[in-house]
Every structure is written in C-alpha cells, then in structure tokens.
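FYI, it's all coordinate maths here, none of it is from the lab. Computed from a predicted model, the values in this text were never measured in an experiment. Because the Cβ atoms are built from the backbone with ideal geometry, glycine has one as well, and the counts that use them run over all protein chains shown.
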C-alpha cells in the first residue's frame, strides 16, 4: 500500500502529555440563543513563547490561568450544519468503497479526502474562530491585556492538549473543530491534522457521568459482538482474546439479545462492548432504537424493561454500533442515553456522532481495545485509534467517535 500523495497527511501526529489538561465550560446566557459565556482554565506551558510571557506577566497560581469572556455563536445551528455535511458524504456520488471501507480497507485518495472533508473544515474553522479566535473582553483583565490573552488562548488550543468540555449543546462534534484558517478556494491548504480529533484528548462532561477514573485489574469485560458482523471473529482472535487474558482482563462473550438483556439487568463487569448493527430514528424513540445481535433486535424499550443496574464504578460502555442515524438527543430514548441514565454516575460512554461503516467500526474497535487493554487512558486510546486508521488508510472517520466521561479512565 502506497503512502498518501500529499505527505502532510502522513506525518506522525503528536499527542498531549497526560498532565496537560484544559477545561472549557460554555454556558448560554439568559434570553439568548447565541450569546455564550466561556470559562477556560489551562495550565500554561513555557515551551510556547506567548504562554511563557503570560506566566511572567500574570504569575498564575500553579501556572494555571483562568479566563472568562463572552462570544456570539449558535452551537445548535453549527451542529446541524456539520451533521448535514457528514450525511452528504454518504449520499453523494463520492460514496466510494475507500471511504465506506468495504472489506478490505483501502487507502482513501487525497483528492477524495479533500473534496469530502474540506467543507467540514470550513464550518469547523468558523466555530473555532468564533469561540476562541475573536477579540473578546477578558473579564478581570485590563483592555491592554486582551491582545496577549487572545494569543494565549490560541496557543493553548492549537497545541496538543487534554480538553474537558461542558456546553449547553450535548453531542456537539468537538472533534471536527478546525484550528487553522482554511481557504476553500485553495484545497491544497487543507490539512486533516488540524481537526481537533487528531490532536487533542477530548472528553465531554455531562451530568451523570462517572467521576472515578481507575479500573483495577483483574477486571471483567462483557463483549456483545455480533457474529454476523464479525464473521472472522477478529475481536476474539485479536485484543479481546489472549491479549486481554495476559493483561488480567477476563472477557465474557454475549451472542444473543436475551443474554445481553440478562447481563444488563445486573451488570457486574467493568466494561461493556457492543459491536454490530444498530439503529435509532432522528429524533430517537425507545421502541425504534435498537442493537442487533445474531439477527435479532434489542430495543431501548426492552432494555428499559430489564431495569439495568451497574455495580462497578466506573463502567466503560463502548457502543460501536454501525450505520446508525445521527444522535442529537442525549436521553433515554436512545440506547446510549438510556444506559447513561440508568448508570447513575457510574458510566463512561463512547459512542458515535453519525453513521460508521461496519468494517471501519471493526478496525477502530480492534485498535482501541488493543491500546486501552494495554493500559493507555481512554482518551489516549481513542486518539491513537483515530490516528492509526488515518495514517494507514488516510480515512478520517474516527472523528465520529465521541467520549462522554473522563479521558483519564484506565486499567491499573
């Protein structure tokens, strides 16, 4: 397999240090659909010139600077536009076997990549610029400090970082923010590495997620992997087989909807992994949101009737459901939202923002579990899986995976 023609797509991407984290709290202001208040907290890094200057000038305690300011941007509208652009990829005549990953996975040509994802980069750059690249007044600072603080914000958010984001718009695809000015009339200026999902560890904070992070070995993982979707049993022959056993993680295989429902009624394992076809309407309904195992559907309504209970804390739930509709609502009408609600501050959830082809989902799941079982943090394992599949196939669909929970969750 040859490397992508555009060398910039194949340069190894850096990853953030575990001790570099930044919180971004976004709140809607009363009686306004687009006026937001942003609170950004970041540890400055002397390796970056403007951050070193800010440390010397403001002497923040522990090197952590706290910034607050207001902006105008409608995140609901932006999310809708990004969702439409992603769906358009699947509906257009660019529905190539490379992007949709018919087996075997193939390299996505550079020109296809630019044509499909450059419009997404335009919207992602606009949202980034309006949230973090404008000229706001920073509360508690003098007007003369604004120019430097603007540079500080840009420096912090364009270098690899560990981002913890909370906003009034749940399920916003933060991985698609693009932190470099992009000229849509010059597609050669497009670089996939500028998408946040290929640079940062990103965890979205929502009410009700697990606050604990360590998962102690020996640990148990329940794997509901549809045999019709994983016909080659690649999960069992790969990271969820001997690799898991050697690292003190026992894997129990669930192969029917009845078994999965029973397991959820009294879930005493540390992780739940589902891989197979799934569906939900837009907006979702409990009776039409389902996971498929061995040809049968398990609806959110049936799961709700089983009264799920989770004993451990935290429990990592990875719903690797392929070919689902976009999920815009986070409530108990979807399988992911239902489990989160029943989890009662015990769950850390990984799911997808939009459809993911079955073979890509399988490859992503294999890459993720290999790293996560090895001991990498949840955020790092997701980032590494995105990077691995992009570097191997020039395929950026790993950006569709999102995390609701702590990026630092890991086996210890």
- prompt: To the nearest 10 degrees, how steep is helix 378-393 against the longest Cα principal axis of the chain, on a 0 to 90 scale?
  reply: 90 degrees
- prompt: Does the range 143-257 come out rounded, prolate or oblate, given a ≥ b ≥ c as the square roots of the eigenvalues of its C-alpha gyration tensor, rounded meaning a/c under 1.5 and, failing that, prolate meaning a/b above b/c?
  reply: prolate
- prompt: Can you give the extra length, in nm with one decimal, that the chain gains between residue 329 and residue 107 once fully stretched, where that is 0.36 nm per residue apart less the Cα-Cα distance?
  reply: 76.6 nm
- request: Calculate how steeply helix 110-132 sits against the longest principal axis of the alpha-carbon atoms of the chain, using the helix alpha-carbon long axis, and give the answer as 0 to 90 degrees to the nearest 10.
  value: 60 degrees
Over the range 214-411: Rg over Rh, Cα atoms, Kirkwood Rh: 0.92
statement: Each label sits 7 Å from Cα toward the beta-carbon; between residue 206 and residue 145 the label points are separated, in nm, by 3.6 nm
- line: Simple spin-label estimate for residue 412/residue 213, 7 Å along Cα→Cβ, in nm, reads 0.9 nm
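Please list 139-152, 284-297 highest first by mean number of surrounding beta-carbon atoms within 10 Å per residue.
284-297, 139-152
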query: Label-point separation (nm) for residue 245 and residue 189, each offset 7 Å from Cα along Cα-to-Cβ?
result: 5.6 nm
task: Provide the packing ranking of 26-32, 185-191, i.e. peptides ordered by the mean count of other C-beta atoms within 10 Å per residue, highest first.
output: 185-191, 26-32
The chain: calculated mean residue ellipticity at 222 nm from DSSP helix runs of at least 4, using -39500 (n - 2.57): -10000 deg cm²/dmol
query: How far is helix 49-58 tilted off the main Cα axis of the chain, in degrees rounded to 10, range 0 to 90?
result: 70 degrees
task: For the chain, report the convex hull volume of the alpha-carbon atoms normalised per residue, in Å³, without decimals.
output: 144 Å³
- request: Compare the peptides 50-56, 347-353, 121-127, 202-208 by average per-residue count of other Cβ atoms within 10 angstrom and give them in order, highest first.
  value: 347-353, 121-127, 202-208, 50-56
